[in-house]
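Every read-out reported here was derived from the displayed coordinates using simple, explicitly stated rules and does not represent laboratory data. On a predicted model such as this, the values are computed, not experimentally measured, just so you know. As a convention, Cβ positions derive from the backbone with ideal geometry for all residues, glycine included, and neighbour counts pool all protein chains shown.
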Amino acid sequence: MSGLFSIVASESEWLDWRWQLGQSAASYRVVIESLGWSGLGAVHAKYPIRVTPYYMSLARSKEASDPILRQCVPNVAELREDDFGSADPFAEEGYSPVPRLVHRYEDRALFLTTSDCATHCRHCMRKRNWSCLGGRPSDEVLEQARDYVARHKEIREILISGGDPLTMDDAELARVLDAFASLPNVEILRLGSRAPVVMPQRLTEELARVLGDCRKPVWLATHFNHPWELTDLASEGILRLLKQGVPTVNQSVLLAGVNDDAETLKQLFTGLLAIRVKPYYLFHGDPIEGTTHFRTGIEKGLELMASLRGRVSGLAMPAFSFDLPEGGGKIRLEPGMEIQRDADGVPVFQSCDGRSIRYPVRRD
Ligand SMILES: *Cc1c(COP(=O)(O)O)cnc(C)c1O
Ligand code: SF4
């Protein structure tokens, strides 16, 4: 099925998301054997490899610079010690009133369904906790989260994330969606998943019906980072959901060596519109241990946004943003805006609750 990597599959296996997911759990050998790069074992021991055969098949070379491989194959730079890496840089724990629920913004709350993912993205902000959360939530955990949301009538939107909630089957997913959708104060649900990118086979007719039949509107937020990820399978799956009333938006991360040039971003954002996906955010890489080789600096992001403005449709333009440490929340940056700095030249931003918070920058 895939030219570069000797992956053997029948067509029906290739199109079956359970086959893709099952293969991803054993991808270490395939990746190591077919690439033959040295030094991967030590990185894998700390941050395990996991990748679907489908995603590997999008690579166009076996070079470390390939934008697909850069996102899914370990890099020795992940073991570099950085002084700002922390397990919970956004202080999510402090904003978690009950297990798996994060309530940081007044009208929306985040529920973490599972720590499983179909592919381990090397730039993931949750990479230190890849297996900590565990699988599907128990009835008790789900009930506690539901109670909390029921008591907090200001919550109107629930983000269902993980891990990747689309590694769960339709029945498990429906159970989680319904727990929240059945509350009168919950108006919409937002499902965060990278499945359209790494396992679009997951976007079946049955899934589209489960999401479309939910008693509250479901939006899908996904994570395309490179134009090569915009395949026919992805496009067909997204249309299937849309036909059942489920719109998709995209959150990209600006990644050095993957998409940090204007032409790639232009193709990505206009290509997303062409498959009916609205570019929503372009995030600057978070200060997470094991991912600093992907960070570009916020000035670079602002330059890229400035060069796209006017060259592409306004509809194609996402908001350039990043998450402040210490639970400061998301900050949106516009080209041309003045950035304050402290005496050491470190950028300082006002959080949504009025604190001044320093943003750690890469030092090298
Ligand atoms: C990002 C985030 C949200 C959603 O923010 P939007 O700006 O609405 O996309 C909600 N809760 C938490 C904890 C988040 O990190
Ligand atoms: S799918 Fe999301 S949570 Fe999972 S590894 Fe990728 S970025 Fe992280």
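For the range 116-225, the alpha-carbon coordinates run over 38, 32, 23 Å along the three principal axes, in decreasing order. Spacing of the modelled spin labels on Ser34 and Asn129, each 7 Å from Cα toward Cβ, amounts to 3.2 nm.
Quick one: grab the alpha carbon gyration tensor of the range 213-255, order the square roots of its eigenvalues as a ≥ b ≥ c, and give me rounded if a/c is under 1.5, else prolate or oblate depending on whether a/b is larger than b/c. Oblate, since a/c reaches 1.5 and b/c is not below a/b.
Counting 0.36 nm for each residue step from Asp353 to Glu338 and taking away their Cα separation leaves a gain of 3.4 nm.
What is the local net charge at Leu4, summed over the other residues whose Cβ is closer than 12 Å to its Cβ (Lys, Arg +1; Asp, Glu -1)? Combined, the nearby Lys, Arg, Asp and Glu give 0. The order of Ser57, Ser65, Ser193, going from fewest to most other C-beta atoms within 10 Å of their C-beta, is Ser65, Ser57, Ser193.
Evaluating 6.51 cos²θ - 1.76 cosθ + 1.60 at θ = phi - 60° for every residue in the range 272-288, the Karplus couplings come out as 5, 4, 5, 9, 6, 10, 8, x, 9, 10, 10, 8, 6, x, 6, x, 10 Hz, glycine and proline recorded as x. Diffusion coefficient of the range 148-293 by Stokes-Einstein, Kirkwood radius over Cα pairs, 37 °C, 0.692 mPa s: 204 µm²/s.
Computed over the alpha-carbon atoms, the range 21-77 gives an Rg to Rh ratio of 0.91, Rh here being the Kirkwood radius from the mean inverse distance. Footprinting exposure proxy ranking of Lys216, Lys243, fewest other C-beta atoms within 10 angstrom first, gives Lys243, Lys216. Among rounded, prolate and oblate, which fits the range 1-52 when a ≥ b ≥ c are the square roots of the eigenvalues of its C-alpha gyration tensor, a/c under 1.5 means rounded, and a/b larger than b/c means prolate? Since a/c reaches 1.5 but b/c is at least a/b, the shape of the range 1-52 is classed as oblate.
Proximity of backbone amide H atoms, modeled 1.01 Å from N, is registered between Arg136 and no other residue at under 5 Å, excluding neighbours fewer than 5 places apart on the same chain. Dipole of the range 1-130 computed with +1 at Lys/Arg Cβ and -1 at Asp/Glu Cβ about the Cα centre; of Val51, Gly36, Leu15, farthest Cα towards the positive end is Gly36.
The length gained on full extension between Val346 and Lys153, counted as 0.36 nm times the residue separation minus their Cα-Cα distance, comes to 65.6 nm. State log₁₀ I(q)/I(0) for the range 180-262 at q = 0.12, 0.16, 0.21 Å⁻¹ as given by the Debye formula over alpha-carbon point scatterers of equal weight, solvent excluded. The Cα Debye sum returns log10 ratios of -0.39, -0.63, -0.94. Kirkwood Rh, Cα Rg: Rg to Rh for the range 269-339? We get a ratio of 0.99 for the range 269-339. Computed over the chain, the percent of Cα pairs more than 36 Å apart is 18. Taking other C-beta atoms within 10 angstrom as a stand-in for reagent exposure, Glu172, Glu229, Glu334 fall in the order Glu334, Glu172, Glu229, fewest first. For the pair the range 161-190 and the range 33-68, the centres of their Cα atoms are 32 angstrom apart.
So what is the orientation-averaged projected area of the range 225-364, using the convex hull of its C-alpha atoms, in nm²? Over every viewing direction, the Cα hull of the range 225-364 projects on average to 9.9 nm².
Dipole magnitude for the range 1-158: about 220 debye, using +1 per Lys or Arg Cβ and -1 per Asp or Glu Cβ, origin at the Cα centre. For the range 151-211, how big is the tail of P(r) above 13 Å, as a whole percent of Cα pairs? For the range 151-211, the fraction of Cα-Cα distances above 13 Å is 64 percent. Computed about the Cα centre, the dipole magnitude for the chain is approximately 420 debye when only Lys and Arg (+1) and Asp and Glu (-1) carry charge, each at its Cβ.
Strictly over 31 Å apart at the Cα level, which of Lys153/Lys300; Lys127/Lys278; Lys127/Lys243; Lys46/Lys153; Lys46/Lys266; Lys62/Lys266 would you flag in this model? Cα-Cα > 31 Å for Lys153/Lys300; Lys127/Lys243; Lys46/Lys153; Lys46/Lys266; rest within. Computed over Cα pairs, the Kirkwood radius of the range 20-147 leads via Stokes-Einstein (1.306 mPa s, 10 °C) to a diffusion coefficient of 96 µm² per second. Spin-label model, Tyr95/Ala319: points 7 Å from Cα along the beta carbon direction are separated by 1.3 nm.
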